[in-house]
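Inspection log for the structure reproduced underneath, given as structure tokens.
The values are calculated or read from the model by the stated rules, or taken from the named source; none is laboratory data. Just so you know, these numbers come straight off a predicted model, no measurement behind them. A quick note on method: Cβ atoms are made from the backbone with ideal geometry, for glycine too, and the neighbour counts reach across all protein chains shown. Heavy atoms of the whole protein, side chains included, go into the accessibility calculation; ligands, DNA and RNA do not. Shrake-Rupley method; radii C 1.70, N 1.55, O 1.52, S 1.80 Å.
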Amino acid sequence: RSCNMRASAVGLVDEEDPRELREATAARQERTAFYTFLCCLSARLVFLVAHGLTCFAASVSLQDIESGIANWWLIFLPIWIGCACCLVLLIVSWFASCKYIKLCLSERVVRINDNPSILTEVLPDITTTIPGLIFLVLAFYSEFYLCEYLATSQAGEPSSLTSYMVLSTCVALLSICQGTLFTENSALWISLGAGLLVSSLSFAASRGEQKSAFLQALIVLPFVLAVATLLTASIHRLKRYAAVLRREEQTFQKIEVALLGILFICLASVAYKVFMDKLSEAAVEGCLVGIFLCLLAFPRARLCMWEAKHGHLADRSNWSEALPL
């Protein structure tokens, strides 16, 4: 009894009061409303950061790569760790908001307060993790076979190129389908999917005995164009929704545009040096590409959180236009 009184004195719940206990339980359940979204968002950001770190590691090891002594399995280590973390996050997302769903069902409502709707937001997020898992597995194995090909090619016995080509083509086509069928982030999925497809074909074509500098540059060029597309889309979004963007959102949107602009310049410089057969001189630009890929995760995370809490920009724009003057 004295423990309960002390708990009440410091503002905690009196366990003997059923009403307060129910309210405290409901509050704990309500806090899990965004957990599924956060898990899915974290998986995407971890995937981006893992590839940025891999790009950085490959750029640092350019001299070893040209000397034929690079440890490709170590260079790809961020991808192995990143894909494992993404897998865990996607599986956890299935159960992360279960308490909030149970609370909504017990109250017989689809949402509570300003939290996401279980019908139009939480359950669709859970459902989309299934194709997300398929995409992750295909991406992991395509990069595994790419790493194996690079390692065995360095040893003089190349293998797994066909496996890499098949799986990378599947990943590219899935990305293009995602961008075509769903309007959200369509520029991202279509540009990166098309870039990966052209880059993979160029990579396979450049594996002959007589390596062409143009084909090797064509491996990087599609990603230059993809970043240019994303930069254009980001600038367009900033101008189109300037009226509904809050000050913090505008700041992070401008930071994202600046990072994409720098990334575009660095990638274009890498492509140019590869075309001029000066790959060893592209180490600095390659490191910057990896760094700015990682940095892009921070403004993107904040912008996604804003949209999750306050609605998508297109919806907010429609609401503002529908409001009477």
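For this structure, a couple of remarks:
- Listed by first and then second residue, the pairs linking a residue in the stretch 242-262 that is under 16 Å from residue 288 (Cβ atoms) and free of Cβ contacts under 8 Å to residues at least 40 places away in the same chain to a residue that is small (Gly, Ala, Ser) and assigned to a helix (DSSP H, G or I), with Cβ atoms under 7 Å apart and 6 or more places separating them unless they lie on different chains, are 260/234.
- Among (1) over 26 Å from residue 128 (Cβ atoms); (2) crowded, with 18+ Cβ neighbours inside 10 Å, the one test that residue 86 misses: (1)
- Filter result (surrounded by fewer than 19 Cβ atoms within 10 Å (Cβ to Cβ), touching a residue at least 40 places away in the same chain (Cβ under 8 Å) and closer than 30 Å to residue 174 by Cα) within the stretch 96-120: 98
- Conditions (1) buried (at least 20 other Cβ atoms within 10 Å of the Cβ); (2) within 22 Å of residue 303 (Cβ to Cβ); (3) not acidic (Asp, Glu): number failed by residue 48: (1)
- Flag if residue 191 is within 24 Å of the chain's Cα centre (by Cα), at pLDDT below 90, within 20 Å of residue 48 (Cβ to Cβ) and of a type in the set (S, T, N, Q): yes
- Output for the stretch 230-259, where each listed residue is of a type in the set (Ser, Thr, Tyr) and open to solvent by 30 Å² or more (accessible area, probe 1.4 Å): 232, 251
- Remark: pairs (first residue in the stretch 220-237, more than 17 Å from residue 269 (Cα to Cα) and touching a residue at least 60 places away in the same chain (Cβ under 8 Å); second residue among the hydrophobic types (A, V, I, L, M, F, W, C) and in a helix (DSSP H, G or I); Cβ separation under 9 Å; 6+ apart in sequence or on different chains) = 237/313.
- Residue, farthest from residue 165 (Cα to Cα), within the stretch 125-140, restricted to residues that are free of Cβ contacts under 8 Å to residues at least 60 places away in the same chain and open to solvent by 50 Å² or more (accessible area, probe 1.4 Å): 127
- Qualifying positions in the stretch 92-119 - more than 25 Å from the chain's Cα centre (by Cα) and part of a loop (DSSP other than H, G, I, E, B): 108, 109, 110, 111, 112, 113, 114
- Qualifying residue in the stretch 260-272 (condition: surrounded by 17 or more Cβ atoms within 10 Å (Cβ to Cβ) and either at pLDDT below 90 or closer than 30 Å to residue 114 by Cβ (or both)): no
- Condition broken by residue 287, with the remaining ones in (1) open to solvent by less than 30 Å² (accessible area, probe 1.4 Å); (2) in contact with a Ser or Thr (Cβ under 8 Å, 6 or more places away or on another chain); (3) within 30 Å of residue 122 (Cα to Cα) satisfied: (3)
- When residue 158 is tested against (1) farther than 30 Å from residue 65 by Cβ; (2) touching a Lys or Arg at 6+ places or on another chain (Cβ under 9 Å), only condition (1) is not met.
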